[in-house]
Every structure is written in C-alpha cells, then in structure tokens.
Amino acid sequence: DTGVSQDPRHKITKRGQNVTFRCDPISEHNRLYWYRQTLGQGPEFLTYFQNEAQLEKSRLLSDRFSAERPKGSFSTLEIQRTEQGDSAMYLCASSSWALGEQYFGPGTRLTVT
Amino acid sequence: KNEVEQSPQNLTAQEGEFITINCSYSVGISALHWLQQHPGGGIVSLFMLSSGKKKHGRLIATINIQEKHSSLHITASHPRDSAVYICAVKGAGNKLTFGGGTRVLVKP
C-alpha cells in the first residue's frame, strides 16, 4: 500500500469556477478526514467520514463546499463558485479505527485567481 | 485564545543543538499528535501519545495530561530536521485540532 493519495496536487482556477478534489485513503481505513491549511497557519478541520457516512462538518464548510464518500473508499471534495479566500492547501487523512493514528496525503494546493 | 498553542513560532538552531518545542492545550483530549511538515505540504506523523513519553531516534515526545502540556525534543539537531512541527490534539469525534506550528531551521 502506498499511503494516502490526493489528486490533483495543484489546481489553479479562476474565481467563480467549480473545482473537485479526490482523496484515496489507505486501503481498509474506515475513517477519512478533510482539513484545510492556509499559508503560515496550522490545518483546520473541515469534515470527516466513517465509511460512507459523513459524521461531522465544520462551520468552515460553507454551502459552497460538499464532500462525498459514496462507496466508503475514495472521497471527493467539491467547491462551487470558488472565491479567492478558498486558496489553501486541502489535506486528506485516513485512519483505520476510531482512535487510530491519522495518515496524511500530500495535499492539493488550490490557487484561486 | 486558540485551543492549541505552540511556542516558539520560529526557532533557529546550530547543527548539534538540543531543540525543544512546546504545546499547551485547553480542551479535553484522547491523544496528542506531533506532526512534521516539509516545504511542499506533506505531513508526516511523528508521534501519537496519550501519556508519558515516547522516543524515536533523536526525537522525544512527552505529555503531562494534568498540566495539558506536551513537548517535542530533538537531540543532536541536523539540517534535515528543518521543517514545520505541528502539535495536534484529538478530541470529540476524533478530529484533530492543530496548533499554528513551529518553524524550525537548523543551520550547518
């Protein structure tokens, strides 16, 4: 197993466009987390899944953001009508059980121009 | 006040020096993580601990649950240790709450 992967690694988009990111967790990890990190800051929690169920969403996740994990494996994070304030690194992590260590992907860096 | 505070924000050391990074938190936790982030964004988990002390190579992490404080020590620091070190606590729902990070630069 090669760890958590994210695609794309970099995305440049114009304000108002929609973007979608993908995260493939470590095989058989039932928990998947999305975090956002702006420049010079620590990451912030966005949402997490246990299998296909989205169990919690942060207040940071506005109506323009939606996340899915349809088959309990990979997850997608979509941002509609992007704004410049959405520019950040979007990190995905997975863990094998509720209290287990989280393993992070390389992140997707989004730049909104 | 942030739930997780790290100090210092920036640290410069000479190769070989002993480095300490501190983390204080104000919420109940089930575990605390120390993470390393290199330029380009990738995050690597160094330690997950809920009590006492853990050691891995030149890295040592300690936690005092009563005082809600943890430290990460780097012994015999090396330029390849240059990175951002992030403290994160695991609370309700097992999601992580992160500190702001400590940027470490080790000069040869």
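The values are calculated or read from the model by the stated rules, or taken from the named source; none is laboratory data. Keep in mind the model is a prediction, meaning the values are calculated, not measured. Ideal geometry is used to build each Cβ from the backbone, glycine not excepted, and the neighbour counts take in all protein chains shown. Keep in mind that these areas ignore ligands, DNA and RNA; they rest on the heavy atoms of the full protein, side chains included. Shrake-Rupley method; radii C 1.70, N 1.55, O 1.52, S 1.80 Å.
Things worth noting here:
Yes/no per residue for (1) at negative phi; (2) at pLDDT below 95:
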residue: B:Gly41; (1), (2): no, yes
residue: B:Val44; (1), (2): yes, yes
residue: B:Met48; (1), (2): yes, yes
residue: B:Gly57; (1), (2): no, no
residue: B:Ala61; (1), (2): yes, no
residue: B:Ile65; (1), (2): yes, yes
residue: B:His69; (1), (2): yes, no
residue: B:His73; (1), (2): yes, no
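- Residues being among the aliphatic types (A, V, I, L, M), in contact (Cβ under 8 Å) with a residue 24 or more places away in the chain and within 10 Å of another protein chain (Cβ to nearest Cβ) - total across the range A:72-113: 4
- Candidates are the residues of the range B:43-66 that are assigned to a loop (DSSP other than H, G, I, E, B) and either surrounded by 15 or more Cβ atoms within 10 Å (Cβ to Cβ) or touching a residue at least 12 places away in the same chain (Cβ under 8 Å) (or both); the one that is nearest to the other protein chains (Cβ to nearest Cβ) is B:Ser50.
- Taking the criterion of being surrounded by 13 or more Cβ atoms within 10 Å (Cβ to Cβ) and within 18 Å of B:Gln6 (Cβ to Cβ), the residues of the range B:67-81 that qualify are B:Lys68, B:His69, B:Ser70, B:Ser71, B:Leu72, B:His73, B:Ile74, B:Ser77, B:Asp81.
- B:Val84 vs. criteria open to solvent by 60 Å² or more (accessible area, probe 1.4 Å), among the hydrophobic types (A, V, I, L, M, F, W, C) and in a strand (DSSP E or B): no
- The range B:21-42 - residue that is β-branched (Val, Ile, Thr) and away from chain A (no Cβ under 12 Å) and, of those, most open to solvent (accessible area, probe 1.4 Å): B:Val27
- Checking each residue in the range A:55-69 for being basic (Lys, Arg) and open to solvent by less than 90 Å² (accessible area, probe 1.4 Å) picks out A:Arg64, A:Arg69.
- Flag set for B:Leu35, criterion: under 25 Å from A:Ala88 (Cα atoms), part of a strand (DSSP E or B) and either at pLDDT 95 or above or polar (S, T, N, Q) (or both).
- Some residue of the range A:5-12 being open to solvent by less than 30 Å² (accessible area, probe 1.4 Å), in a loop (DSSP other than H, G, I, E, B) and more than 21 Å from B:Ala92 (Cα to Cα): no
Residues checked against (1) away from chain B (no Cβ under 14 Å); (2) not in a strand (DSSP E or B):
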{"site": "A:Gln17", "(1), (2)": "yes, yes"}
{"site": "A:Ser27", "(1), (2)": "yes, yes"}
{"site": "A:Trp34", "(1), (2)": "no, no"}
{"site": "A:Leu39", "(1), (2)": "no, yes"}
{"site": "A:Gly42", "(1), (2)": "no, yes"}
{"site": "A:Leu46", "(1), (2)": "no, no"}
{"site": "A:Arg59", "(1), (2)": "no, yes"}
{"site": "A:Ser66", "(1), (2)": "yes, no"}
{"site": "A:Pro70", "(1), (2)": "yes, yes"}
